[in-house]
There are 2 protein chains.
Amino acid sequence: MTMTIASRCSPFASLLPFALLAACGGRPNAPAGGGADVLALMQARNLSEQDVNAALKTYTPTGRHDEYYQFASGGHGGNLIVIGLPSMRILKYVGVFSPEPWQGYGYGDQSGDVLGSVQRAGHTLTWADMHHPALSETGGDYDGKWIFVNDKANPRIAVVDLSDFVTKQIVGSELIQSDHGAAFVTPNTDYVIETAQYPAPLGGGYAPIETWNENYRGAMIFWRFDKQKGRILPAESFAIELPPYMQDLADAGKLVSDGWVYCNSIDVERAYGGNLEGRPSLEAGASQNDMDYLHVLNLRRAEAVAKAGKTETIAGMRVIRLQTAIDENLLAFVPEPKSPHGVDVTPDGTAVVVGGKLDTHTTVYDTMQMAKLIEQKQFVGKDPYGVPILDFQAAIRGQCEIGLGPLHTTFDDQGFAYTSVFIETVVAKWSLKDLKVVEKIDTHFNIGHLVAAEGDTVSPDGRFLVAMNKWALDRFAPVGPLLPQNFQLIDIAGAPMQLLYDMPLPLGEPHYAQIIKADKLKPIDVYKPIGFNPFTEAVDPFATVAGKERIERKADGVHVYMTAVRSHFTPDIVRVKAGDTVHLHVTNVEQAADATHGLAIGSHNVNLSLEPGKHCNVTFKADRAGVYPFYCTEFCSALHLEMAGYLLVEPQ
Amino acid sequence: MTMTIASRCSPFASLLPFALLAACGGRPNAPAGGGADVLALMQARNLSEQDVNAALKTYTPTGRHDEYYQFASGGHGGNLIVIGLPSMRILKYVGVFSPEPWQGYGYGDQSGDVLGSVQRAGHTLTWADMHHPALSETGGDYDGKWIFVNDKANPRIAVVDLSDFVTKQIVGSELIQSDHGAAFVTPNTDYVIETAQYPAPLGGGYAPIETWNENYRGAMIFWRFDKQKGRILPAESFAIELPPYMQDLADAGKLVSDGWVYCNSIDVERAYGGNLEGRPSLEAGASQNDMDYLHVLNLRRAEAVAKAGKTETIAGMRVIRLQTAIDENLLAFVPEPKSPHGVDVTPDGTAVVVGGKLDTHTTVYDTMQMAKLIEQKQFVGKDPYGVPILDFQAAIRGQCEIGLGPLHTTFDDQGFAYTSVFIETVVAKWSLKDLKVVEKIDTHFNIGHLVAAEGDTVSPDGRFLVAMNKWALDRFAPVGPLLPQNFQLIDIAGAPMQLLYDMPLPLGEPHYAQIIKADKLKPIDVYKPIGFNPFTEAVDPFATVAGKERIERKADGVHVYMTAVRSHFTPDIVRVKAGDTVHLHVTNVEQAADATHGLAIGSHNVNLSLEPGKHCNVTFKADRAGVYPFYCTEFCSALHLEMAGYLLVEPQ
């Protein structure tokens, strides 16, 4: 059989010998399916060529690892989501602010101390509204060691350790009553930034809402992070009081702008709703003016001011009062178009991009120009509180006409910016140099945040972008009135941009996410030495050595020193009396990767996850006489079901 | 350019013109990437032809729906997982036994009544160890209406409504202290079966473990389900007492065996551990005998016995005592090989397949033969309690030599059975007719359960099988010491079986799952009429009509009648006094699909999910004076951040 191929196919003709070789499988009489049945499958599954490309760009065979991790906030699911790229498979949900029993997070052991470490208004909190994750940075690049996340509803910050993917600390201050511009880190993770959103009297307490202008305030908290300890140090943290403008997003400067912090606001009108009281809803009231204020903060100077003691302590937090911030020239405002959203510093640190939300532009502010204006005190006015205002035209490099509803911006390694355009439901790619859109790609639907690989660092990778869409509508098989979100992976390596993959987000509502090259993370796979407590990060004093298991009755209750190994617990019979306090100290003495056991105590709401080498302490009351099985919850071995025992609670 | 193609390539040669056309994109000068770059991508991403086939068999383009839903138990994550096939994307996690804030499940509204409806030993439970989901059946086929799941640790059964994917009911009895053979349904969902696993004194309470033989028992509960109400009726439910043999899995007969129930056991030895007390661990003690007992129950007759009142009420449950079961010929035993696992009735109901776990066989029992032996009382002995025993050889059709550690079996539409082989880490495909293995495929690693499409119904679909592997080891990018499980999708339509896709299970540890054709489900997308309460399944008496929002102070507290619509709550200012009880009645008055709002009340641990049309009631104490923002947590619109208000708690 011979065939002539027209030269119009030249881009592919050179591949033809290889294609034939591939098609023939290099073997005579290759069985059906032995070779690549591309065409047959395209027809059978109604796949276009674009679909085939997308499939082959994302499919990840068994045993192959993804190239990138995407860490996405869980929104009001309260946990952190870890996704692999380019496969778009979810690798893990990490318990952060909500109890999660599979990981044994908040079901008996010392993880409960972390979960319960911050109350608010005297209330225990068992959920969060997580918005923005921030990977730890060194020199403005991700270092793969920690990730920080916020809680908008009950303002707190959590520290998740990326050596074992476990939440190690939660902090929070009653200085503020909500946050949104959080968490964001400075380029060497000296500070984790948490910015209030909905104004309130600083430190909690009541003031009439009619005294909004006088008594309601925002604040930006700088939580000091210690890289040696891997913990935030509340005592070395401080805050700056801000006017009641509903601060929104924040970002730290980098390289030339390292030491500056930028934050936008959405309610300079100082509206606060009251739709049954004769005032317009916030929706209308906060949108009246053409401009709000971009906040420009000099963090280096603020740090010095705090160190010099020019603070007032409110709710345990050292606060630089607004007047002090003005007097010390720490803070200036620049107009930004109407109800903005998105504050994103460019990779080289020379500019800040703000999305217009109700405008059609992104505005590009020049960081060095603003720094100069502030240093030289070239102000053109003041706000009602006395905060100096910079001239808009002098502060900006320019604006880019984007489309309807630009929100957030991320960056690649080719000098392009990518902005999410919510109402128009596209990603707009534009040139930072020319301030012109070069391309748009549809999203499905109503994109919120977006992120390109390492896009908010000093050296983005380009290659992949994920659009995090808010409305899935008809994209997925129906699951009732509450739909998943839709994460769409987009190839930005070439032109045009190519939609690769729709991933339903099955639990939670992510807002922001970050994408990090997988080889930057170095997680452990077992805890060493045996008896390790991940929360104290040392061998636990109560760790049980194999062969030394025992039960001891002491003044404070019954201490059970237990080990877990395939496929039994020792001891497997625990005898106590009704009313006893039981202190269980259990060590998984295995060291093989994935040799995880669980430990559930029936009817007592206790479940532990015992990874290899890990030690857990649990204290509970055996308050009711009875016979309660306990057993291994994590399938570990052929005789997993026999890995069980009994808690025998004798009547008094 | 001309080319000769050798005839050895004949299977593919006929495709060549199409391939060329495809390669050229049908257009002159097709841009790079305009056609299908199969070969280039194979090289760039190191994909084999098998990988290409697998990618094209699973890739699902934007807007295309999956063909099947897989419902998987969450294990000790306590929730239900919904996965789409063949894409293997997770579509939803449904809150069942654990509070889940994204869905507003257990964070203030009436979902808390469902979650908290069953206490055990006086304790509130906020987690479960979910093992086996059971889709509701009509005539032995899935009808897509409900799904039932169990809690092994705190034995309970939950009913999830598949019209809205919400948990509507949880029931449980303190008759038993754990379960495992649960949930399983009879072919018309008259009953949901829950079988105890670890023996204990019936009804709770204490007895020394040394009185195991006399006082410790198992039981099988038959929860009566009412299809009109969509609810289990505890008052019409009953149980049968069983010896303390650690019953394991259960299955209901179908077609010719409809009316029979089968259940295996793993500890006929009546061992109970005591490894610090001079007795062997359960692991060893329960594995000593060559045989355990398959339990064969006559449900029709048991139902009649219960109806006739021949029961004793224990812990509120009507129980047919073991002696009554014997006297009424309700129960017989058949030997089954050593520590078996897996009880699976074949699609035609003529046989039951039991996995050997520590044996190398599956044993195929003949259901009609066993029924006949029982009716004719052809017994060959009794157990220590007097339960009659059938002859092994007379009861079986035969055995199939499978491999090391056969567990569970599922079925296709071609007369084949597929058994998971844990230790050998394969799926074994074997002929039900010949009782011979025809093929094995590797799994990665250590497969637990498996399921083929509709495989446990009277009419399986074949086509796809999912291996649910317990050890992921090196399959995925590392996420710390606690690894995901690995679900592997396998194409069983042709021969050989083909591994298609590795899916990490990022939260929870599924045990069993079921796969249902997507078109059998008819979920709603909005709640109608406006004001609908999913838990009472009617318009709520407190539903708020748009335009009639108000705040009313009554004897029992402050009633706030609120609506939610893009982008405001009305009222958006709520004024109460410290110490007030607040009753919030909020209705989402939208009717557009996906127009979901959330409602978080800062610092009060309240978060609601308000799907279109839905109404929620929340009661909480405003116990501390202060200013607390509330706001919409589910991104709904361009002005989502402005969809906020204030709870103002004035000092007394």
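The values are calculated or read from the model by the stated rules, or taken from the named source; none is laboratory data. Note that the coordinates shown come from a computational prediction; the quantities given were computed from them, not determined experimentally. Ideal geometry is used to build each Cβ from the backbone, glycine not excepted, and the neighbour counts take in all protein chains shown. SASA here: full protein model, heavy atoms, side chains in, ligands and nucleic acids out. Shrake-Rupley method; radii C 1.70, N 1.55, O 1.52, S 1.80 Å.
Residues whose amide H falls under 5 Å from that of B:His76, counting only those 5 or more places apart or on a different chain, are B:Met130, B:Glu509, with hydrogens built in the peptide plane. In the assembly of identical copies, B:Lys227 has its label point, taken 7 Å from Cα in the direction of the beta carbon, separated from the corresponding points by 6.6 nm (ascending, one decimal).
Counting heavy atoms of the protein chains only and a 1.4 Å probe, report the per residue accessible area for the stretch A:532-650 as a whole number of Å². Can you show the working numbers first?
Working: 3210 Å² over 119 residues.
Heavy-atom SASA per residue in the stretch A:532-650 reads 27 Å².
Note on A:Lys436: aspartates and glutamates with a C-alpha under 13 Å away, same-chain residues under 8 apart excluded, are A:Glu401.
Across peptide A:515-528, what mean number of C-beta atoms from other chains lies inside 10 Å of a residue's C-beta? Mind dumping the intermediate values first?
Numbers: counts 0, 0, 0, 2, 1, 0, 4, 1, 5, 3, 8, 2, 2, 0.
So the per-residue partner count for this stretch is 2.
Comment: the Cα-to-Cβ extended label point of B:Pro541, at 7 Å, lies 5.7 nm from its counterparts in the other copies, nearest first. Taking the alpha-carbon distance from A:Lys338 and a cut-off under 20 Å, which lysines remain once sequence neighbours fewer than 8 residues away in the same chain are dropped? The reachable lysines, counting only those whose Cα sits under 20 Å from A:Lys338, are A:Lys357, A:Lys382.
What is the sum of charges around A:Phe532, taking Lys and Arg as +1, Asp and Glu as -1, for the other residues whose C-beta is under 10 Å from the C-beta of A:Phe532?
Values: positive: A:Lys528, A:Lys614; negative: A:Asp164, A:Glu537, A:Asp540, A:Glu611.
Surrounding charge for A:Phe532 is -2.
The alpha-carbon positions of the protein assembly as shown define a convex hull whose volume is 164 Å³ per residue. Using a 7 Å projection from Cα along Cα-to-Cβ, the label point at B:Ala493 is separated from the same position in the remaining copies by 2.9 nm, smallest value first.
Taking a ≥ b ≥ c as the square roots of the eigenvalues of the Cα gyration tensor, the stretch A:197-332 is prolate, since a/c reaches 1.5 or more and a/b is larger than b/c.
Note on B:Lys548: lysines with a C-alpha under 27 Å away, same-chain residues under 8 apart excluded, are B:Lys528, B:Lys577, B:Lys614, B:Lys621. Shape descriptor for the stretch B:532-650: Rg over Rh equals 0.94 (Cα atoms; Rh from the Kirkwood inverse mean 1/r). Each peptide in A:277-286, A:627-636, B:173-182, A:156-165 receives the mean, over its residues, of other Cβ atoms within 10 Å, and ordering these scores from highest gives B:173-182, A:627-636, A:156-165, A:277-286.
What average count of beta carbons from other chains do you get within 10 Å of the Cβ of residues in A:263-274?
Details: counts 0, 0, 0, 3, 3, 0, 0, 0, 1, 5, 11, 5.
Mean partner shielding for this stretch: 2.
Past 19 Å, Cα to Cα, is the threshold; run B:Lys227/B:Lys520; A:Lys227/A:Lys517; A:Lys307/A:Lys372; A:Lys227/A:Lys522 against it and keep the listed order. Long pairs (Cα-Cα over 19 Å): A:Lys227/A:Lys517; A:Lys307/A:Lys372. Listed values for the stretch A:597-602 are Karplus-derived 3J(HN,Hα) couplings in whole Hz (6.51 cos²θ - 1.76 cosθ + 1.60, θ = phi - 60°), namely 10, x, 9, 10, 10, x, and x replaces Gly and Pro.
Just the Kirkwood number for chain B, please: inverse of mean 1/r across all distinct Cα pairs, in Å, one decimal. The partial results should precede the final answer.
Values: mean 1/r = 0.0367 Å⁻¹.
27.3 Å is the Kirkwood radius here.
Highest mean packing first, where packing is the average number of other Cβ atoms within 10 Å per residue, the peptides B:601-611, B:230-240 line up as B:601-611, B:230-240. Counting only other residues whose beta carbon sits under 15 Å from that of A:Gly309, what net charge do I get with K and R as +1, D and E as -1? Here the charged neighbours net out to 0. Per-residue mean of foreign Cβ neighbours for B:571-581 is 3 (Cβ atoms of other chains, 10 Å radius). Sorted on the mean count of surrounding Cβ atoms within 10 Å across their residues, most packed first, peptides A:420-429, B:90-99 read B:90-99, A:420-429.
In the frame of its principal axes, the stretch B:412-471 has Cα extents of 31, 23, 14 Å, reported largest first.
Could you compute the net charge surrounding A:Pro244? Neighbours are other residues with a C-beta less than 12 Å from the C-beta of A:Pro244; K and R count +1, D and E count -1.
Values: positive: A:Arg217, A:Arg270; negative: A:Glu214, A:Glu241, A:Asp267, A:Glu269, A:Asp383.
Neighbourhood net charge equals -3.
Note the buried accessible area between B and A here, summed over both chains, with a 1.4 Å probe, in Å² to the nearest 100.
Details: alone 27830 and 27900 Å², together 37900 Å².
Roughly 17800 Å².
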